Amino acid sequence: MKTSIFDIENWQEIGATLARNKTRTFLTAFGIFWGTAMLAMLFGGAQGFEGMMRRNFAGFATNLGGVFSNRRTVPYKGFNKGSDWDITSQDVEIIRRLAPAIEYSTEMNLRSATAAYGTQTKSANAMGVEGEYAGIMNPVIIEGRFINNSDVTNERKVAVIGKNIATSLFGSDSPIGKYISVDGIYFLTVGVASQLSEVSIGGRLDDNIVIPSTTLRRAYNSGNKVNFFVYTAPPGHSPSDNESVMRRVLATAHSISPDDKVAIEFMDISEQFEMIDKLFLGISLLALFVGFGSLMAGVIGVGNIMWIVVKERTREFGIRRAIGAKPLDITVQVLSESILLTLVAGTLGVCFGALVLGIADSLTYDPLLGHAGFELPFKTALIIVGTFFLLGSAAGTVPAIKAMKIKPIEAINDK
Amino acid sequence: MIGHLNEETVISLRDINKTYPGAVPLHVLKDISLDIRKGELVSIMGASGSGKSTLLNILGILDNYDSGTYMLDGTAIRDLSENRAAELRNRMIGFVFQSFNLISYKNALENVALPLFYQGIGRKKRNRLAMEQLERMGLADRAHHLPGELSGGQKQRVAIARAIVTNPSLILADEPTGALDSITSGEVMGVFRELNESGMTIVIVTHDPGVGASTNRIIRIADGRIEGSSDTPDFKKEQ
């Protein structure tokens, strides 16, 4: 005898059985549909939400560290509490030599300035940086080029202007090769830049005028003073790996008390991003938990319905057993129903979830930043349907085994 | 007839006992010994609770017995696995029940074809064989009707067609006319007689003397024992 699962009539019969109880089938299928759709939407939604948030940091190094000076808060070696001090370019050179975990680094100096071209003027931040700044902020070069180390070494009077400055001063014309005035000093415009990230140091690049740090120091007569020193740690390292060296170098060079943690302000952005990562992990886990809860509700629904089906059809199973059905035939028949219901409704649910995610992804699309990532990878969709298939089958197995164990004579006599 | 096993014997029971366990165990069959030969049309009669349905269930391999021996067409029926029992029921026995026991959402043709489905016979062939039996029962025009669209007599004829479609060694009928009026009962008994005349062995459990009278042999059972068989001289016609 053959197993009924391979017989088309068996499947037609299952379809007919499901069609006979339309309301019940619909409600059970909806439970499964909603369970898989919720899991898919929560999974893809959490991913998309994370993508949207991460887009705000696009191009911004998340393993960023930095150090800047504050007034002393502890009197030390003749320096009073409240006295000023500044990081110097010599400090920066020593730190670069001694710090164990620096990948890209730059000194940064900021000044409020007025930029002018012809009759057009615009208030802006003048920002002095070194060539490796581009490795830290990943600016979007709209036109021309960015500041490089040669510009810094040769103290060139070149400027990269933010796209908003370019629009204000030049309208739709190209600023490249033209001289702009920054607080009365002329700089050759070599590039126009923007930034993807909503996060920045020293103001948004779109509104800044970036010039070589050495040029800025000379132009503003700030000697060797440096406002900030920022850097990224190489993969596998944390920015904080450099903290003790930096504090030691700066405290020694500027007679700062080793106990004065405020005077030398150290920052590690990676700690903030770790917190954000944990937040996203929490959101993903919550989404999975809620989604799995919906899925389990659907699975329990399938199990319940299968119990009812077995109870309702006990007599029929008895008749089938009397005329030659083997216990396995009955099990396969019951399981086939739950499998068909689970597969069809589960697949539709995942498709619906993917459709909703697709709509959300297109609504949140940004031409510059790209897609947020509201999507359901095919593999994940298969895993969801597969999980539901396994759990749905497991839920149908217990009633199916119960059906298998019914004695034909008891089943025939069942009222 | 209570005799010994020979080639013509389809059913041979020897000292069959059956007790239903419980707070007070119920000994429903007591040392039942019985032979039914090939081609017989036999009725088993008895009052309610006499054990006749239990005997039919044992004959139909639907229930087990506690002791004794049961040979069905030369095959020992004892401690069978569920699968083996299902196979033997499918190939050797055709059942006809009082309440027809047709599957309500299958049409007449599908109901008749169902035992063949469990034999693994392909759809075309089983539909052809099922249609042949429906034609034999005069129900070809009702082949695609659901049981709910058939009269009681038609339902029972569909059930008989289902019972004979596998060409079994034995037809077991449990009160086959119990749910029918007298005219339809007569028609159904006519069908059984025709089948018997074509060589089928038929055992009918009934409490209806009219049904018993239209069989070739009556086996009377009372209080779990065989009280007598109409082919023996000491058999009392009315008890």
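The values are calculated or read from the model by the stated rules, or taken from the named source; none is laboratory data. Here the structure is a predicted model, which is why all the values come from computation and not from measurement. Here Cβ is always computed from backbone atoms with ideal geometry, including for glycine, and neighbour counts include all displayed protein chains.
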Expected output for the stretch B:218-231 (first residue free of Cβ contacts under 8 Å to residues at least 60 places away in the same chain, partner of a type in the set (Asp, Glu), Cβ below 9 Å, 6+ apart or cross-chain) is B:Gly228/B:Asp234
Considering only helices (runs of 4 or more DSSP H) wholly within the stretch B:113-204, the ones with at least 1 residues that are within 14 Å of chain A (Cβ to nearest Cβ), more than 29 Å from B:Met45 (Cα to Cα) and at pLDDT below 90 are B:123-136
Sole miss for A:Thr3 among (1) modelled with pLDDT of 80 or more; (2) surrounded by fewer than 19 Cβ atoms within 10 Å (Cβ to Cβ) is condition (1)
Counting only residues in the stretch A:171-218 that are of a type in the set (Gly, Ala, Ser) and more than 21 Å from A:Glu130 (Cβ to Cβ), the one farthest from the chain's Cα centre (by Cα) is identified as A:Gly184
Reported set for the stretch A:317-338 where residues are β-branched (Val, Ile, Thr) and within 13 Å of another protein chain (Cβ to nearest Cβ) is A:Ile319, A:Ile323, A:Ile330, A:Thr331, A:Val332
Check: Is it the case that some residue within the stretch B:68-89 is buried (at least 18 other Cβ atoms within 10 Å of the Cβ), modelled with pLDDT under 90, of a type in the set (Asp, Glu) and not in a strand (DSSP E or B)?
Finding: yes
Filtering the stretch B:45-91 down to residues that are within 14 Å of another protein chain (Cβ to nearest Cβ), farther than 21 Å from B:Pro25 by Cβ and of a type in the set (Ser, Thr, Tyr) yields B:Ser81
Expected output for the stretch B:36-57 (first residue under 20 Å from B:Met200 (Cβ atoms), partner aliphatic (A, V, I, L, M) and outside any strand (DSSP E or B), Cβ below 8 Å, 6+ apart or cross-chain) is B:Arg37/B:Met1; B:Gly39/B:Met200; B:Ser43/B:Val211; B:Ile44/B:Leu55; B:Ile44/B:Leu56
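Give me a count of the residues in the stretch A:293-316 that are within 14 Å of chain B (Cβ to nearest Cβ), out of contact with any Pro (no Cβ under 8 Å at 6 or more places or on another chain) and assigned to a helix (DSSP H, G or I).
Initially, the stretch A:293-316 is screened for residues within 14 Å of chain B (Cβ to nearest Cβ), giving A:309, A:312-316.
Now drop any that are not out of contact with any Pro (no Cβ under 8 Å at 6 or more places or on another chain), which leaves A:312-316.
Applying the additional criterion that residues be assigned to a helix (DSSP H, G or I) yields A:312, A:314-316.
Total meeting the criteria: 4.
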So for the stretch A:329-340 (the condition being more than 30 Å from B:Ser99 (Cα to Cα), β-branched (Val, Ile, Thr) and in a helix (DSSP H, G or I)), does at least one residue qualify? yes
For the stretch A:217-239, pairs from a residue that is more than 19 Å from A:Gly66 (Cβ to Cβ) to a residue that is in a helix (DSSP H, G or I) and at pLDDT 90 or above, with Cβ under 8 Å and 6 or more apart or across chains, are A:Gly223/A:Arg217
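Anything in the stretch A:100-146 that is charged (D, E, K, R) and either in a strand (DSSP E or B) or not assigned by TED's automatic domain parsing to the domain that holds A:Thr88 (or both)? List them, or say none. Full working, then the answer.
Within the stretch A:100-146, the subset charged (D, E, K, R) is A:103, A:107, A:111, A:122, A:130, A:132, A:143, A:145.
If the condition is that a residue be charged (D, E, K, R) and either in a strand (DSSP E or B) or not assigned by TED's automatic domain parsing to the domain that holds A:Thr88 (or both), then A:Glu107, A:Arg111, A:Lys122, A:Glu143 are the ones that fit.
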Looking at the stretch A:269-285, can you tell me whether even one residue there is assigned to a helix (DSSP H, G or I), within 30 Å of B:Phe100 (Cβ to Cβ) and either among the polar types (S, T, N, Q) or away from chain B (no Cβ under 14 Å) (or both)? no
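If a residue has to be in a loop (DSSP other than H, G, I, E, B) and either closer than 20 Å to B:Asp174 by Cα or among the hydrophobic types (A, V, I, L, M, F, W, C) (or both) to count, how many in the stretch B:96-112 make the cut? Talk me through it step by step, then tell me what you get.
Filtering the stretch B:96-112 down to residues in a loop (DSSP other than H, G, I, E, B) leaves B:97-107.
Imposing the further condition that a residue be either closer than 20 Å to B:Asp174 by Cα or among the hydrophobic types (A, V, I, L, M, F, W, C) (or both) reduces the set to B:97-104.
Residues in the stretch B:96-112 being in a loop (DSSP other than H, G, I, E, B) and either closer than 20 Å to B:Asp174 by Cα or among the hydrophobic types (A, V, I, L, M, F, W, C) (or both): 8 in total.
Out of A:Ser181, A:Ser244, I need the residue that is surrounded by fewer than 17 Cβ atoms within 10 Å (Cβ to Cβ) and touching a residue at least 24 places away in the same chain (Cβ under 8 Å). Which one?
Working: A:Ser244 fails: touching a residue at least 24 places away in the same chain (Cβ under 8 Å).
That would be A:Ser181, the only listed residue that is surrounded by fewer than 17 Cβ atoms within 10 Å (Cβ to Cβ) and touching a residue at least 24 places away in the same chain (Cβ under 8 Å).
Taking only the stretch B:192-211 into account, find how many residues are buried (at least 21 other Cβ atoms within 10 Å of the Cβ) and under 19 Å from B:Gly178 (Cβ atoms). Full working, then the answer.
Step one: filter the stretch B:192-211 for residues buried (at least 21 other Cβ atoms within 10 Å of the Cβ), giving B:192, B:200-206, B:211.
After this cut, where a residue has to be under 19 Å from B:Gly178 (Cβ atoms) as well, the list is B:192, B:202-206, B:211.
The qualifying residues number 7.
For the condition within 18 Å of A:Ile409 (Cβ to Cβ), in a loop (DSSP other than H, G, I, E, B) and in contact with a helix residue (DSSP H, G or I) (Cβ under 8 Å, 6 or more places away or on another chain), what is the one hit in B:Ile61, B:Ile44, B:Ile16, B:Ile32?
Numbers: B:Ile44 fails: in a loop (DSSP other than H, G, I, E, B); B:Ile16 fails: in a loop (DSSP other than H, G, I, E, B); B:Ile32 fails: in a loop (DSSP other than H, G, I, E, B).
On inspection, the qualifying residue turns out to be B:Ile61.
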Inside the stretch A:120-149, the number of residues satisfying the requirement of being within 17 Å of A:Thr189 (Cβ to Cβ) and over 34 Å from the mean Cα position of the chain (by Cα) is 3
